[in-house]
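Asks: Just dropping this structure here.
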Amino acid sequence: MGLRVAEIQLVNCGAQPYVLEGYPRLSLRDDRNDPVEVAVEHGTAGITSGAPAVDAPPERVTLAPGQAASMAMVWRNLVTDSTVAAVTARIVEIEPRSGAPRLWLRLALPVDLGNTGKLGVGPWTAVGR
C-alpha cells in the first residue's frame with residue numbers, strides 16, 4: 001500500500017521558553033537541494049485515515065529549555081500514472097512557527113512520494129521526557 005509515516009522532533013536548546021502553535025510550514029527538496037513540487041496539507045485527508053498523530057487538533061505547546069515537541073508527516077509511495085516521474089526528497093525544510101528561521105533536515109531515508117504529490121502534516125505536540 002506504500003503508506004509512510006515519519007516523526008520529527010524539535011528540542012528547545014535555548015535558555016527561554018519556546019512557543020509553538022498549530023502546524024509547522026514544510027517544503028521538500030531533492031538530492032540537489034532543488035524544491036520538490038508537493039501539496040502539503042494539514043492532516044491525512046486524501047492520503048489515509050486513522051493516523052491520530054497527524055489528525056490531532058492543534059494546541060499551543062510551550063517548551064521549557066531542554067523540552068521537545070514533535071510533528072508527524074504521512075504520505076504514500078504510490079505511482080498512479082506511469083507517464084509521470086516518481087518524486088523523492090531527502091531534505092525537509094521546516095519553519096517551526098511563523099517568522100522563525102527555516103531549518104533544513106537531511107533525512108537518512110527519503111520521502112518517496114511516488115507521483116501522488118501529497119504530504120500530510122500533523123500539528124506540534126509535546127513530547128514527554
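Asks: Any residue at all in the stretch 12-27 that's in a loop (DSSP other than H, G, I, E, B) and of a type in the set (Val, Ile, Thr)? Spell out how you get there, then give the answer.
Replies: Quick first cut of the stretch 12-27, residues in a loop (DSSP other than H, G, I, E, B) only: 12-17, 22-24.
Next, from what is left, pick out any that are of a type in the set (Val, Ile, Thr): none.
No.
Asks: Just a yes or no: is a residue in the stretch 51-62 touching a Ser or Thr at 6+ places or on another chain (Cβ under 8 Å), at pLDDT 95 or above and of a type in the set (A, V, I, L, M, F, W, C)?
Replies: Taking the stretch 51-62 first, the residues touching a Ser or Thr at 6+ places or on another chain (Cβ under 8 Å) are 51, 53-56, 59, 61.
After this cut, where a residue has to be at pLDDT 95 or above as well, the list is 61.
Next, from what is left, pick out any that are of a type in the set (A, V, I, L, M, F, W, C): 61.
There is at least one residue in the stretch 51-62 that is touching a Ser or Thr at 6+ places or on another chain (Cβ under 8 Å), at pLDDT 95 or above and of a type in the set (A, V, I, L, M, F, W, C).
Asks: Going by the structure shown, is residue 66 surrounded by fewer than 16 Cβ atoms within 10 Å (Cβ to Cβ), on the phi > 0 side of the Ramachandran plot and modelled with pLDDT of 95 or more?
Replies: Values: surrounded by fewer than 16 Cβ atoms within 10 Å (Cβ to Cβ): yes; on the phi > 0 side of the Ramachandran plot: yes; modelled with pLDDT of 95 or more: yes.
The answer is yes for residue 66.
Asks: Right, next: Out of all the residues in the stretch 93-129, which are at positive phi and assigned to a strand (DSSP E or B)? Reasoning before the result, please.
Replies: Applying the first criterion (at positive phi) to the stretch 93-129 yields 99, 114, 117.
Matches in the stretch 93-129: 114 only.
Asks: Give the stretch 76-89 a look and list any residue that's out of contact with any Gly (no Cβ under 6 Å at 6 or more places or on another chain) and at pLDDT below 95, or say none. Please lay out each step first, then the result.
Replies: Narrowing the stretch 76-89 to residues out of contact with any Gly (no Cβ under 6 Å at 6 or more places or on another chain): 80-85, 87-89.
Of everything in the stretch 76-89, those that are out of contact with any Gly (no Cβ under 6 Å at 6 or more places or on another chain) and at pLDDT below 95 turn out to be 80, 81, 82, 83, 84, 85, 87, 88.
Asks: While we're looking at this one, here's another question. So residue 65 ticks every box in (1) over 17 Å from residue 39 (Cβ atoms); (2) without any contact (Cβ under 8 Å) to a residue 40 or more places away in the chain; (3) outside any strand (DSSP E or B); (4) not charged (D, E, K, R) but one. Which box is left unticked?
Replies: With respect to (1) over 17 Å from residue 39 (Cβ atoms); (2) without any contact (Cβ under 8 Å) to a residue 40 or more places away in the chain; (3) outside any strand (DSSP E or B); (4) not charged (D, E, K, R), residue 65 is out only on (2).
Asks: Next up: Is there a residue being of a type in the set (Val, Ile, Thr) and under 17 Å from the mean Cα position of the chain (by Cα) anywhere in the stretch 9-26?
Replies: There is at least one residue in the stretch 9-26 that is of a type in the set (Val, Ile, Thr) and under 17 Å from the mean Cα position of the chain (by Cα).
Let's see how each residue does on (1) surrounded by 18 or more Cβ atoms within 10 Å (Cβ to Cβ); (2) within 18 Å of residue 5 (Cα to Cα):
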position: 22; (1), (2): no, no
position: 28; (1), (2): yes, yes
position: 70; (1), (2): no, yes
position: 79; (1), (2): no, yes
position: 82; (1), (2): no, no
position: 89; (1), (2): yes, yes
position: 95; (1), (2): no, no
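The values are calculated or read from the model by the stated rules, or taken from the named source; none is laboratory data. For clarity, every value in this text was computed on a predicted model and none was experimentally measured. FYI the Cβ positions are ideal-geometry reconstructions off the backbone, even for glycines, and counts take in every protein chain you see.
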